[in-house]
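Engineer: Have a look at the structure that comes next, please.
The values are calculated or read from the model by the stated rules, or taken from the named source; none is laboratory data. The model shown is predicted, which means the values in this text are computed figures rather than measured ones. A quick note on method: Cβ atoms are made from the backbone with ideal geometry, for glycine too, and the neighbour counts reach across all protein chains shown. Just so you know, the surface numbers come from the protein's heavy atoms only, side chains and all, with ligands and any DNA or RNA stripped out. Shrake-Rupley method; radii C 1.70, N 1.55, O 1.52, S 1.80 Å.
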Amino acid sequence: MLEFGNFPIYGEKVNKQWLTMIDSNRAIDWAMTRNCSNKYFFGRGSLNKKLTNGKILIIGIGAIGSIIAKTLVRSGCTKVDFIDYDVKEPENVCRSEYSFSTGISNKTNDLINELCLISPYFEPTNGGYDYSEAFDFYIKSHLTDVTLKTDIEKRLNEYDVIFDCSADNDLLYVLSQLTINSTLLNLSISNNAKQIGVCCRKNRYDFIITQFNGNVLKFDVDDLYNPTGCWNPTFKAS
């Protein structure tokens, strides 16, 4: 261990040049180290190689999305991107993977900071906020624009796995109209987190709508949470 400002070195002039020399008379303060190589860091809890070696996109990093993100990073995934233009506020902390201490901030940057504290192998790439807002706007309002649709499909197909955790029916419909070759999973929960719906089928829009609006899943749709601000009312957490 080396103390700043007190390194075990000194200057010595040799052939008219100053050289930095090691003070061999100073005692060495040895530090304790641990092997944190990838093999040992994830040795007991690594996920399938398709996930850990793949590029992953999570759309919507609220309760479900942020928990999935942390689970993936703890389990060896290194390339995980996010799309969410929402802001992390105090009421998000109780049910999502955010910290109170960072205050009000955009969710993408806040979650990236959380994940960097967990794994030294996590490689954040997109940063997220500006692109997230543009993605939500353009994908919903310009679906008939062939050029833009092709560009969005190209961007999405750069990922091996996409988790849609947005609970946004409009986005769910739009994604069903795109040609996406990536593995696409949709996850959503019912009121009071009584059930979780997971869909990987091609007709995921019809399937999810039927489950939640077609009276297949039985849950209370009247006892809702009425917060201030957007998404009012919304489902309660458990």
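Engineer: Please pick out the residue among D223, D160, D164 that is closer than 21 Å to H142 by Cα and either touching a residue at least 24 places away in the same chain (Cβ under 8 Å) or among the aromatic types (F, W, Y) (or both).
Structural biologist: Answer to the check: D164.
Engineer: Another question, then. Tally up the residues in the range 48-59 that are open to solvent by 10 Å² or more (accessible area, probe 1.4 Å), part of a loop (DSSP other than H, G, I, E, B) and in contact (Cβ under 8 Å) with a residue 24 or more places away in the chain, please.
Structural biologist: Here the count works out to 0.
Every residue, every condition in (1) among the polar types (S, T, N, Q); (2) touching a strand residue (DSSP E or B) at 6+ places or on another chain (Cβ under 6 Å); (3) on the phi < 0 side of the Ramachandran plot, yes or no:
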{"position": "G65", "(1), (2), (3)": "no, yes, yes"}
{"position": "K70", "(1), (2), (3)": "no, no, yes"}
{"position": "K79", "(1), (2), (3)": "no, yes, yes"}
{"position": "S96", "(1), (2), (3)": "yes, no, yes"}
{"position": "T102", "(1), (2), (3)": "yes, no, yes"}
{"position": "N109", "(1), (2), (3)": "yes, no, yes"}
{"position": "P120", "(1), (2), (3)": "no, no, yes"}
{"position": "F135", "(1), (2), (3)": "no, yes, yes"}
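Engineer: Okay, moving on. Would you list the helices (runs of 4 or more DSSP H) that sit entirely within the range 95-211 and hold 2 or more residues that are modelled with pLDDT under 85, more than 30 Å from G45 (Cβ to Cβ) and open to solvent by less than 50 Å² (accessible area, probe 1.4 Å)?
Structural biologist: 129-141
Engineer: Now, a different point. Is it true that some residue in the range 184-207 is within 19 Å of D136 (Cβ to Cβ) and of a type in the set (V, I, T)?
Structural biologist: No: zero hits.
Engineer: If you don't mind, there's one more thing I want to ask. Among all residue pairs at least 6 apart or on different chains, which show Cβ distances below 7 Å where the first residue, located in the range 35-47, is within 20 Å of I68 (Cα to Cα) and the second is among the polar types (S, T, N, Q) and open to solvent by less than 80 Å² (accessible area, probe 1.4 Å)?
Structural biologist: Matching pairs, first to second residue: F42/S75; G45/S75; S46/T52; S46/S75; L47/S75.
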